[in-house]
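Everything on this sheet refers to the single structure shown next.
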Amino acid sequence: MNNIKDLYIKRVDSFNKRLNETKRKQLVLSILRLIAFIAILVSVFYLPRLSVLLCIITCIITSVVIFTVFLLMVKKFSFFNYRINHLEKLIQINKNEIDALKFNYEAFEDGAEFIDHDHPYSFDLDIFGAGSMFQYLNRTSTFHGKMELSGWLSKVNTNADEVIHKQNVIKELASRVELRQNFQAAGQIFNETRSDYEDIIGWLSEKDIINHKKVYYFLSYFFPILTLISAGLTIADFDWFPVLIMVFLFQLLFVGLHLRKTNRLHSLIGKKLGLLKKIFRLLAYIENEDFHSENLISIQDQLKSGQ
């Protein structure tokens with residue numbers, strides 16, 4: 001147990017150092033962004049003093065350079081933000097494990113919502129609730145994972161082969177501290193709820209209009225091509241302008257007929273963007289790992305094949 005505790009303590013120290021270094025880099029980036037903003041203000045006052053041609057050329061070059069640098073800074077700043085959140089979660093995860101070694105499991109969800117007074121054994125054996133088996137084992141970072149764990153603890157598995165496969169998975173993952181904690185930290189950055197989970201599942205189960213209706217699939221290519229052709233003909237001969245207007249109005253009508261569903265999906269995806277990013281990162285951890293147990297390889301193959 002002392003070896004495990006020492007491991008967690010070392011990881012806390014290591015992550016603290018990396019966190020401080022990342023915050024320092026983010027501060028430097030913030031200063032550079034301020035300098036870039038000041039440079040823009042200076043250019044606004046200085047450029048008009050140049051000749052017209054030189055001013056135009058300088059404005060174009062300066063705008064492209066500053067805009068490119070600004071986008072790179074925004075992207076890097078976003079990366080630092082995520083990195084800081086991730087490191088903070090890793091530090092907390094290791095601190096929680098140190099507390100768990102002292103039999104303090106308060107940091108872990110106890111699964112009280114799964115308490116069933118009529119269950120054959122889970123209530124009598126304190127499978128769920130404060131100080132329960134669920135709380136002792138729970139390291140889930142998704143709502144579905146929590147549901148799976150509660151299902152495993154609520155149902156007796158009499159299939160010896162499945163039990164052995166799960167034991168092999170646990171044995172392999174037990175030695176992969178880096179993978180487990182990174183996966184857990186990535187999952188904890190966005191706390192999903194039951195409604196989040198159900199909304200995403202509902203959205204994924206909906207039919208894709210474009211791919212399930214051939215006419216929509218055809219129109220998704222036909223309208224852009226027709227618009228480009230009409231625009232080209234209008235430029236060559238203005239008499240084609242009414243045709244361009246008709247094409248535009250027809251597309252506007254088509255969009256209007258589907259506006260309610262489009263707005264609903266846009267609202268759903270906008271609100272669940274954090275959850276979708278979280279799922280993407282978690283899947284990436286699984287897909288990029290080199291597993292050896294049969295079950296983990298099977299899961300990995302399913303993800304890579306899109307099944």
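The values are calculated or read from the model by the stated rules, or taken from the named source; none is laboratory data. This is a predicted model, so every value here is computed, not measured. Virtual Cβ from ideal backbone geometry, glycine too; neighbours counted across all protein chains shown.
Checking the structure you have, find out if any residue of the range 165-179 is surrounded by 11 or more Cβ atoms within 10 Å (Cβ to Cβ), among the β-branched types (Val, Ile, Thr) and farther than 16 Å from Glu113 by Cβ. Taking every residue of the range 165-179 in turn, at least one turns out to be surrounded by 11 or more Cβ atoms within 10 Å (Cβ to Cβ), among the β-branched types (Val, Ile, Thr) and farther than 16 Å from Glu113 by Cβ. Residues in the range 258-293 that are surrounded by 12 or more Cβ atoms within 10 Å (Cβ to Cβ), of a type outside the set (Phe, Trp, Tyr), more than 19 Å from Thr193 (Cβ to Cβ) and at pLDDT 80 or above: Leu283, Ala284, Ile286, Glu287, Glu289, Ser293.
In the set (1) in a helix (DSSP H, G or I); (2) surrounded by 13 or more Cβ atoms within 10 Å (Cβ to Cβ); (3) under 22 Å from the mean Cα position of the chain (by Cα), Val243 fails one condition alone, (3). Scanning the range 158-167 finds no residues that are assigned by TED's automatic domain parsing to the domain that holds His258 and of a type in the set (Lys, Arg). Of all residues in the range 215-237, none that is within 11 Å of Phe254 (Cβ to Cβ) and assigned by TED's automatic domain parsing to the domain that holds Phe248 has its Cβ atom under 9 Å from the Cβ atom of a residue that is charged (D, E, K, R) and part of a helix (DSSP H, G or I), 6 or more apart or on another chain. Among the residues examined, Ile279 qualifies as within 25 Å of Gln188 (Cα to Cα) and either not assigned by TED's automatic domain parsing to the domain that holds Thr142 or not hydroxyl-bearing (Ser, Thr, Tyr) (or both).
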